[in-house]
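The values are calculated or read from the model by the stated rules, or taken from the named source; none is laboratory data. These numbers come from a predicted model, not from an experiment. So basically every Cβ, Gly included, is an ideal-geometry build from the backbone, and we count neighbours across all protein chains shown. Side chains are part of the model used for accessible areas, which takes the heavy atoms of the whole protein and leaves out ligands, DNA and RNA. Shrake-Rupley method; radii C 1.70, N 1.55, O 1.52, S 1.80 Å.
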Protein chains: 2
Amino acid sequence: MRGLDLESGLIDLTHGAGGRATARLVSELFQRAFANPILAQQNDAALLELPAGRVVMSTDAFVVSPLFFPGGDIGKLAVHGTVNDLAMAGARPLYLTASFILEEGFALRDLARIVESMAAAAREAEVLIVAGDTKVVERGKGDGVFVTTAGVGVVPPGVTPPGGQRARPGDAVLVSGYLGDHGMAILSCRRGLEFESPILSDTAPLGGLVAAMAAAVPDIHVLRDPTRGGLATTLNEIATQSSVGIRIRERDIPVRAAVHAACELLGLDPLYVANEGKLLAICAPEDAPRVLAVMRAHPRGQDAAWIGEVVEDPDHFLELATSFGGNRILEWLSAEQLPRIC
Amino acid sequence: MRGLDLESGLIDLTHGAGGRATARLVSELFQRAFANPILAQQNDAALLELPAGRVVMSTDAFVVSPLFFPGGDIGKLAVHGTVNDLAMAGARPLYLTASFILEEGFALRDLARIVESMAAAAREAEVLIVAGDTKVVERGKGDGVFVTTAGVGVVPPGVTPPGGQRARPGDAVLVSGYLGDHGMAILSCRRGLEFESPILSDTAPLGGLVAAMAAAVPDIHVLRDPTRGGLATTLNEIATQSSVGIRIRERDIPVRAAVHAACELLGLDPLYVANEGKLLAICAPEDAPRVLAVMRAHPRGQDAAWIGEVVEDPDHFLELATSFGGNRILEWLSAEQLPRIC
């Protein structure tokens, strides 16, 4: 039995047929990269070991284009995306599954690079990839590779699970750092824009940051990562879920100069651009200084900022106090800001 | 805000952008069809309630073509596939996630039909769909819809989890019914073959059958659903995992006449054709009559049969005693029997 040709081999339909070629792909690529005792069970489902606490579950599909971009790739994104969804529920992320939909003709070398990147991201996030699946579609029926991850985590005892419906008038709104990096990294890359210092995706796992925050303040009301749709859409969702209004201050919202410049060039608003390694936290105002201090002391939250407040508002509006002294309503993202951003 | 046009609307890129159109698709289609209190939390991750027992997790991606086929559709398959993977670990399937990768231009009517079918399949299998994700790719970069499900379940206390590495020489090999129906239903449909009685996919949830079997015999050594690659590939996998040989008897293996006929016409071997609602069980010989009786008493196992035995064999071969009195080795599926079967 020949080994996989990771140098110049291409995916063909036999890799998805469930026979020898599939088995070889699984054992020589996936199992080797993701190696752990649970995956090594090689059964249809993985037996997990869960610590005490409430279990949470999440999933995300990834179709980002291009597959490799400044600061990351689809594999990293697929691990971080689901890890972060679990963390936003107040959970410690523990286990992931990974499914691949491959296009016939895709280079095994690129797949291997993505898989290695996922393995490294999983190690950094301290999660195990415990089960997976691979399907192959004919040339022209896919786009290289799509990755779907799902995950489970456990909310530590003593932590009140945050939720989008728990924002209360008077609460403080915090963000963990600069906004818009991921979306503008993808778009700059796609459009071939060059800047003095290139914009890098912020893709990163947030489980450690959330654990530190929850250890300091076990009842943070809302945690959410502002991915597709950006900060403005995410805050609109929360305003609707909690039946409140939210007011934020433009001058306090951290946006890098390069992201600002790229957004102006392309007619985009950084508040609607996707992030993949940032979170927003809503908590009681008396807890906000402590949460902010913990965030700033953590490598993933050094540039954290207190950007606004939750208010009573029967219209559930998100209102921005602009740097020019005016106010404007920030609607939900209504058009396609940027396709295949994640 | 206009509602979704489920009659004549088409998927466009805004449905994947994370703004209003995405929110509308989620609330008017997915949340309405899958309605349950956990999904209604509308957070990034779902808080689950798990009964006592060991937790298992699994995932499968579905790219079947055509999307609708005699006896089922991609939605049904996506629910049954993951439910069955959990059941094969001895678990009661409890919760699923569902991710959709949609192609721009896909008919909302077809998506709604698939989603309704998933909802019905989930109700029948007694699982809740608790989280999901939707992405949209440009026309020509996908193929209508791909669905990825992941699931968790719990192995009831007192049940020894079955595993592919637990087959022992002397064990009995049982199957729960007719083999090859799913694969030949897809292929007949794709090739436009007509038979007197059409071949229907056997796609079905197997959690109930497994629960009945485990209640009668709490230590079944191996459970596996012979999907891609069929019975022959699955038994080869188990022989390798358990370091044993397996001997099966052709005349005892249930295959419908129509499936036999279609396979002969197309030069296929029914033992390599995919099933989506059948399982094979390997258990101690003294337990086999009881397991078989329980299977035959269950609607999903009426045609169950005792088809062979596990033997000592340093080569880990799967050997078939043919109906003509000979013996032949059944290899792993090595070529592409049938692309996009699930």
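If only one of A:Leu108, A:Leu77, A:Leu67, A:Leu102 is of a type in the set (A, V, I, L, M, F, W, C), modelled with pLDDT of 95 or more, closer than 23 Å to A:Gly192 by Cβ and over 15 Å from the mean Cα position of the chain (by Cα), which one is it? Matching residue, one of A:Leu108, A:Leu77, A:Leu67, A:Leu102: A:Leu67.
If you go through region B:35-46 and keep only what is over 14 Å from A:Leu223 (Cα atoms) and open to solvent by less than 70 Å² (accessible area, probe 1.4 Å), you end up with B:Asn36, B:Ile38, B:Leu39, B:Ala40. For region B:52-66, a residue qualifies if it is out of contact with any Asp or Glu (no Cβ under 6 Å at 6 or more places or on another chain) and open to solvent by less than 30 Å² (accessible area, probe 1.4 Å), and the qualifying residues are B:Val55, B:Val56, B:Met57, B:Phe62, B:Val63, B:Val64. Among the strands (runs of 3 or more DSSP E) confined to region B:263-342, the ones with at least 2 residues that are crowded, with 20+ Cβ neighbours inside 10 Å and either free of Cβ contacts under 8 Å to residues at least 40 places away in the same chain or of a type in the set (Val, Ile, Thr) (or both) are located at B:305-311.
Any idea which residue in region A:114-136 is nearest to A:Ala150 (Cα to Cα), counting only those that are within 9 Å of another protein chain (Cβ to nearest Cβ) and either open to solvent by 20 Å² or more (accessible area, probe 1.4 Å) or acidic (Asp, Glu) (or both)? If we take residues in region A:114-136 being within 9 Å of another protein chain (Cβ to nearest Cβ) and either open to solvent by 20 Å² or more (accessible area, probe 1.4 Å) or acidic (Asp, Glu) (or both), then A:Gly132 is nearest to A:Ala150 (Cα to Cα).
Scanning region A:46-71 for residues being more than 12 Å from chain B (Cβ to nearest Cβ) and on the phi < 0 side of the Ramachandran plot gives a total of 5.
Among the residues that make up region B:125-134, is at least one of them in contact with an Asp or Glu (Cβ under 6 Å, 6 or more places away or on another chain), without any contact (Cβ under 8 Å) to a residue 60 or more places away in the chain and over 27 Å from B:Leu280 (Cα atoms)? For region B:125-134, residues in contact with an Asp or Glu (Cβ under 6 Å, 6 or more places away or on another chain), without any contact (Cβ under 8 Å) to a residue 60 or more places away in the chain and over 27 Å from B:Leu280 (Cα atoms): present.
Return the residues of region A:94-113 that are open to solvent by 10 Å² or more (accessible area, probe 1.4 Å), assigned to a strand (DSSP E or B) and either within 9 Å of chain B (Cβ to nearest Cβ) or within 17 Å of A:Thr148 (Cα to Cα) (or both); say none if nothing qualifies.
A:Leu94, A:Tyr95, A:Glu103
Scan region B:82-93 and give yes if some residue there is surrounded by fewer than 23 Cβ atoms within 10 Å (Cβ to Cβ) and outside the structural domain of B:Gly183 (by TED's automatic domain parsing), otherwise no. Reasoning before the result, please.
So in region B:82-93, the residues surrounded by fewer than 23 Cβ atoms within 10 Å (Cβ to Cβ) come out as B:92.
From the residues that got through so far, the ones that are outside the structural domain of B:Gly183 (by TED's automatic domain parsing) too are B:92.
Looking through region B:82-93, at least one residue is surrounded by fewer than 23 Cβ atoms within 10 Å (Cβ to Cβ) and outside the structural domain of B:Gly183 (by TED's automatic domain parsing).
Each residue in region A:1-11 was checked for being touching a Gly at 6+ places or on another chain (Cβ under 9 Å) and surrounded by fewer than 19 Cβ atoms within 10 Å (Cβ to Cβ), and 1 pass.
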